[in-house]
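Quick note: the coordinates plus some simple rules give every number you see, no bench work behind them. Predicted, not measured: the structure shown is a model, and the values here were computed from it. Here Cβ is always computed from backbone atoms with ideal geometry, including for glycine, and neighbour counts include all displayed protein chains.
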Amino acid sequence: MGFDGIPRKAFDFYKELEADNTREHWHAHKADYDSAVREPMQTLLDELEEEFGPAKLFRPQRDTRFSNDKSPYKTNQGATVGDKGPAGYYLQLDADGLFVGGGFHAFTPDSTAGYRAAVADDKAGPEAQAIVDQLREKGFSLVGERVKTQPRGYSADHPRIELIRYKSLGAEKRIPKTKATGRDVLSTVRDTLRDLRPLVEWLSTHTAT
């Protein structure tokens, strides 16, 4: 059976979980999670894998070992798509709709250093800036950990200092729940990932360690 959109119950499920994030509530509504969240999201990922690569749903339980917040469950369903080393795509469903994004997370200082050196490079850097500018024109927001001042070794007046300040970089766009309940959202998600492809490929090339 093909993907037919995200059921409205999925968004209601997370709204209710935000209000009552307990194991008792979860187990009482686990059937809703399975039918309205997990199964539709897995079907969506299956539709995307041929073009964008292997996809994986995140587990719904939170890792609370090192957190002051002991809420047992995530109030969103996340997934990764693609296998391009340090860079890739991600999807997230929550009470308000879907997030579609792409980028890289710096797992080591070397990956951040490689990213910054590429942004500062006279050839690779302008390519990155052009990609980012185009994504912004299409309504994407830039996300990622960044420093407030210039990193060591870079001038504050560097023409791409705003990008150099990032330690990890991504771009994402929200699809509101009003547009996520029909089969058309598959085309929307696919087109959004295609828009993100130049960024993911640039990051995959320039942040490998």
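Using a simple spin-label model with points 7 Å from Cα along the Cα→Cβ vector, what separation in nm is obtained for Glu18 and Thr80?
That separation, rounded to one decimal, is 2.7 nm.
Starting from the Cα of Lys148, draw a straight line to each of the aspartates and glutamates and keep only those under 13 Å, dropping any in the same chain fewer than 8 residues away.
Cα-Cα hits under 13 Å: Glu162.
Report, in listed order, any pair from Lys15/Lys177; Lys138/Lys177; Lys30/Lys74; Lys56/Lys167; Lys9/Lys74; Lys9/Lys179 with a Cα-Cα distance greater than 21 Å.
Beyond 21 Å: Lys56/Lys167.
Could you let me know the centre-to-centre spacing of the stretch 154-209 and the stretch 66-136, using Cα atoms, in angstrom?
7 Å
Show me the ranking of peptides 91-103, 14-26 by mean Cβ neighbours inside 10 Å, starting with the highest. Don't skip to the end; give the middle numbers.
Working: 91-103: 21.9, 14-26: 14.5.
Going from most to least packed, we get 91-103, 14-26.
If the chain between Ser67 and Phe107 were fully stretched, how many nm would it gain, using 0.36 nm times the residue separation less the Cα-Cα distance?
Answer, rounded to one decimal: 12.5 nm.
Less than 17 Å apart at the alpha-carbon level, and either on another chain or at least 8 residues along: which aspartates and glutamates does that give for Lys70?
Glu18, Asp20, Glu24
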